[in-house]
1. Within segment A:25-55, track down each residue that is in a strand (DSSP E or B) and open to solvent by less than 40 Å² (accessible area, probe 1.4 Å).
2. Looking at C:Ala178, C:Ala111, C:Ala132, C:Ala164, which one is under 30 Å from C:Arg78 (Cβ atoms), at pLDDT 95 or above and surrounded by 24 or more Cβ atoms within 10 Å (Cβ to Cβ)?
3. Given the conditions (1) within 14 Å of the chain's Cα centre (by Cα); (2) surrounded by fewer than 24 Cβ atoms within 10 Å (Cβ to Cβ); (3) in contact (Cβ under 8 Å) with a residue 12 or more places away in the chain, report the number of the one that A:Trp118 does not fulfil.
4. Considering only residues that are among the polar types (S, T, N, Q) and open to solvent by less than 50 Å² (accessible area, probe 1.4 Å), look in segment A:88-102 and name the one that is farthest from C:Gly100 (Cα to Cα).
5. Pick out the one residue from A:Pro49, A:Pro83 that is in contact with a strand residue (DSSP E or B) (Cβ under 8 Å, 6 or more places away or on another chain) and under 23 Å from B:Thr104 (Cβ atoms).
6. (1) buried (at least 21 other Cβ atoms within 10 Å of the Cβ); (2) of a type outside the set (Val, Ile, Thr); (3) outside any loop (DSSP other than H, G, I, E, B): which one isn't true of A:Asp183, the others all being true?
7. Could you tell me which numbered condition A:Gly63 fails, if it satisfies all but one of (1) over 26 Å from C:Ala27 (Cα atoms); (2) buried (at least 18 other Cβ atoms within 10 Å of the Cβ); (3) within 14 Å of chain B (Cβ to nearest Cβ)?
8. All but one of (1) of a type in the set (D, E, K, R); (2) over 20 Å from the mean Cα position of the chain (by Cα); (3) surrounded by 22 or more Cβ atoms within 10 Å (Cβ to Cβ) hold for A:Asp22, so report the exception by its number.
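The values are calculated or read from the model by the stated rules, or taken from the named source; none is laboratory data. None of these values were measured; they are calculated from a predicted model. Note that each Cβ is placed from the backbone with ideal geometry, even for glycine, and that neighbours are counted across all protein chains shown. Heads up: the accessible areas ignore ligands, DNA and RNA and are worked out on the full protein's heavy atoms, side chains in. Shrake-Rupley method; radii C 1.70, N 1.55, O 1.52, S 1.80 Å.
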Amino acid sequence: MSTRATVAWIVGLGAVVSLAGDACHVASGTTRYTWDGVPVIWKSAIWFPMLVVAGVLALADTGRRLATRFPAARMRGRADVLPAAAAVLALYALTAALHGQSTTVSVILTAAVAIVIWGLWDPSPGAAFGGAIAALAGPLVEIAIVAAGAAEYTHGSDGLAGVAPWLPALYFAAGAVAFRLWDALQRPA
Amino acid sequence: MSTRATVAWIVGLGAVVSLAGDACHVASGTTRYTWDGVPVIWKSAIWFPMLVVAGVLALADTGRRLATRFPAARMRGRADVLPAAAAVLALYALTAALHGQSTTVSVILTAAVAIVIWGLWDPSPGAAFGGAIAALAGPLVEIAIVAAGAAEYTHGSDGLAGVAPWLPALYFAAGAVAFRLWDALQRPA
Amino acid sequence: MSTRATVAWIVGLGAVVSLAGDACHVASGTTRYTWDGVPVIWKSAIWFPMLVVAGVLALADTGRRLATRFPAARMRGRADVLPAAAAVLALYALTAALHGQSTTVSVILTAAVAIVIWGLWDPSPGAAFGGAIAALAGPLVEIAIVAAGAAEYTHGSDGLAGVAPWLPALYFAAGAVAFRLWDALQRPA
């Protein structure tokens, strides 16, 4: 697959997963956008999918560069990419469905499913490293967004410095998949 | 496995999954049977499992005939059949547990899990084609059943011409599995 | 891996899964400890993780001894152990999230996911045998604990002689994984 096609796939997957997942969070009342006058795609302020796509591209590129130092435990190919992206979206939507559950339940369930996704996709230290970067950077950026007043997690889902306590686990799953995305898209099967 | 035994397995799996899944929909108040005087098995009017079994048999036979033109991406064997049927039933029961969630959340979560099931079972265009046939035919038949007054989806789960908006996604998962069922039952491992 | 390290891994996994899962049950109001004066770890009376760890060790040892008579359908290695334990924990937490759903829905969903976990981990009769032992022994022990007045399942989750009707299915998944745990920890990949 050409570099151009690979980037187009990653941008497309990042956009679809972030828009569909964010629509679940807005529809369930988990999150709310609080700035007026920002263009909206589906239920998201336009900057949200753009930030996610930039993050996914950066992680996929990092994973490609570090692949020899952090080899994959399972070689994934093109046929595995759609199911893996769908698994991340399913976990994203599940966090919306868990709105109203106790923090203990939602954090442990989200974390456990995130580890299952990492394990089915590529149970390697490298993919866990990609997940850890995302689990750190993603919530930090969202904490800054909430602090800036652009969006908010609603009461009961804001226990981690204004964002949801299960957010690092969700980002871990997304980051683990993103870290091997570039290489998986190069392999036919 | 003989043709007779294969058909018996497919009929059995279709009957168990449809009866157990439908029991979840009735128990959760997602659906309701509205004709009196029809024999009931567990919580279903007798014609419901019969329709599902006929559909699964037709799809499994179609998949067998088209297997050379639409080859499988992953060769599945007998040991994979029970877990695959259980995955479809789990999604079926999940749609019942999601009763009361917003349509956005239930549709996106059901669709994402359906793609995961397709991807773990056989991420091939052929299995997706089988899923697409089911995603079209199943809801159309159910829309006709609702229009005829034999059953109904309750308020809030009836947004797709009287049936649930997540119904095509559930049928997609079932159809993708059914499409490779015959061949999987022929392979020992 | 040395015997000492294997035992340490099994004890650690059993302790983490039982404590985190039990915390979900207590947080969701599914269960309640009713004896005062017993030391508590996280949200559990100290005897609960100890019983679970003893059970997991016994099953892992049984699986190791019976491995030649009941061979695995899929050879699992060290990289599969964390995701498998996480899958059991995810199902454990899911049963907490299903608190309040009808018994039909929670039993069928838990049972279907349990079969999926067995099927992804090792769809062999041996692993099913390990699961069946756990599905029988675990609930019997918990029924005795409830009868002794040390803990209780709350109203609506106590339909199986005082314990939850989905409890055998949850134990089945845990037992199927535990039965192959020893051997999986010996295999590098």
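1. Of the residues in segment A:25-55, the ones in a strand (DSSP E or B) are A:31-33, A:40-41, A:44-45.
Answer for segment A:25-55, where residues must be in a strand (DSSP E or B) and open to solvent by less than 40 Å² (accessible area, probe 1.4 Å): A:Thr31, A:Ser44, A:Ala45.
2. Result of the check over C:Ala178, C:Ala111, C:Ala132, C:Ala164: C:Ala178.
3. Unmet for A:Trp118, out of (1) within 14 Å of the chain's Cα centre (by Cα); (2) surrounded by fewer than 24 Cβ atoms within 10 Å (Cβ to Cβ); (3) in contact (Cβ under 8 Å) with a residue 12 or more places away in the chain: (2).
4. Step one: of segment A:88-102, the residues among the polar types (S, T, N, Q) are A:95, A:101-102.
Next cut, open to solvent by less than 50 Å² (accessible area, probe 1.4 Å) only: A:95, A:102.
Working: A:Thr95: 18, A:Ser102: 13 Å.
Filtering first and then ranking leaves A:Thr95.
5. Values: A:Pro83 fails: in contact with a strand residue (DSSP E or B) (Cβ under 8 Å, 6 or more places away or on another chain).
A:Pro49 is the lone residue from the list that is in contact with a strand residue (DSSP E or B) (Cβ under 8 Å, 6 or more places away or on another chain) and under 23 Å from B:Thr104 (Cβ atoms).
6. If we test A:Asp183 against (1) buried (at least 21 other Cβ atoms within 10 Å of the Cβ); (2) of a type outside the set (Val, Ile, Thr); (3) outside any loop (DSSP other than H, G, I, E, B), just (1) comes out false.
7. (3)
8. Every condition holds for A:Asp22 apart from (2).
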